[in-house]
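The values are calculated or read from the model by the stated rules, or taken from the named source; none is laboratory data. All values reported here derive from a predicted model rather than from experimental measurement. Cβ placement follows ideal geometry from the backbone for every residue including glycine, while neighbour counts extend to all protein chains displayed.
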């Protein structure tokens with residue numbers, strides 16, 4: 001059933017997504033559109049994997065919050081964080097607060113954990129003067145580009161994440177776990193099958209083995225689903241990686257990935273993953289008021305460097321655990 005007072009079009013001829021849903025009337029309320037067309041939009045998101053709402057009256061955190069509420073999906077708290085963000089209330093957060101000059105590679109949100117959001121909402125309140133796009137990539141196409149041999153290896157061996165939380169380096173454990181009490185950290189780790197160890201000088205070491213691939217609960221397609229290429233020290237580039245290894249040593253890097261059995265991930269495997277993502281990248285310039293709704297298992301996202309002010313906010317939606325689904 002067509003929606004009223006909107007026009008729909010594809011941003012890129014080569015790709016099916018994102019589908020642009022643009023208001024044809026000034027001041028149109030996005031939350032109202034969702035309220036009136038929830039089933040239609042749910043079907044469109046499952047079919048397309050990415051929807052970009054444009055031209056609606058979304059200019060504040062409250063406007064975005066109303067849109068998220070209209071989706072009627074449970075929100076996730078950003079616990080066990082891997083990047084710095086600021087909480088804005090009601091489980092809405094700033095996008096990752098890395099320096100403007102730094103690129104964030106394509107990834108699936110929380111794919112470094114055993115529970116992740118099935119959907120991800122992003123809203124641009126203030127676009128940057130240049131750059132700052134949120135590139136996306138179809139995981140169906142990325143998985144095909146990686147190739148069956150490596151995907152099978154990732155599924156079988158899985159991925160191990162090792163992190164060292166050191167004072168003044170990366171995200172401090174107090175912010176990652178949202179507590180100042182080490183006992184709370186130990187309880188969280190025990191509940192999530194994360195190994196934790198307190199080292200001298202207040203350093204916390206954690207390790208966890210998670211999935212290398214996952215199947216979408218509705219589509220049932222197997223996709224690459226991990227962050228081995230982000231957490232591995234080689235993601236910093238050869239020069240920066242050498243500095244980190246020289247400074248911290250191989251055994252105490254702030255973050256590092258291995259295969260689940262503890263074996264090193266060869267650089268050629270990581271290069272193949274990064275090449276596949278780079279091959280399938282799609283980009284569009286943000287406009288003020290844009291809202292991007294992603295199926296987190298169908299599409300990855302990232303961030304390009306930028307100049308000027310950039311205010312993008314995010315909500316993580318509909319928690320899902322492949323392990324719990326399998327065991328239930």
Report task. Answer yes if at least one residue in region 131-144 is more than 18 Å from the chain's Cα centre (by Cα) and assigned to a strand (DSSP E or B), and no otherwise. Result -> yes
Query raised in the report: Right, residue 112: touching a residue at least 24 places away in the same chain (Cβ under 8 Å), in a loop (DSSP other than H, G, I, E, B) and in contact with a helix residue (DSSP H, G or I) (Cβ under 7 Å, 6 or more places away or on another chain) or not?
Result: yes
Query - Positions within region 57-76 being without any contact (Cβ under 8 Å) to a residue 40 or more places away in the chain and part of a loop (DSSP other than H, G, I, E, B), in sequence order - result: 72
Query raised in the report: What number of residues within region 5-28 are surrounded by fewer than 19 Cβ atoms within 10 Å (Cβ to Cβ), over 23 Å from residue 280 (Cβ atoms) and in contact with a helix residue (DSSP H, G or I) (Cβ under 8 Å, 6 or more places away or on another chain)?
Result: 0
Query raised in the report: What is the number of the single condition among (1) in contact with a strand residue (DSSP E or B) (Cβ under 8 Å, 6 or more places away or on another chain); (2) in a loop (DSSP other than H, G, I, E, B); (3) touching a residue at least 40 places away in the same chain (Cβ under 8 Å) that residue 119 does not meet?
Result: (2)
Report task. Output yes when any residue across region 38-52 is over 17 Å from residue 299 (Cα atoms), outside any helix (DSSP H, G or I) and either at pLDDT 95 or above or assigned by TED's automatic domain parsing to the domain that holds residue 170 (or both), and no when none is. Result -> no
**Report entry** region 298-328, subset touching a strand residue (DSSP E or B) at 6+ places or on another chain (Cβ under 6 Å) and not in a strand (DSSP E or B), residue nearest to residue 212 (Cα to Cα)
**Finding:** 322
Query raised in the report: Taking region 77-93, which residues are surrounded by 16 or more Cβ atoms within 10 Å (Cβ to Cβ) and part of a loop (DSSP other than H, G, I, E, B)?
Result: 78, 80, 81, 82, 85, 91
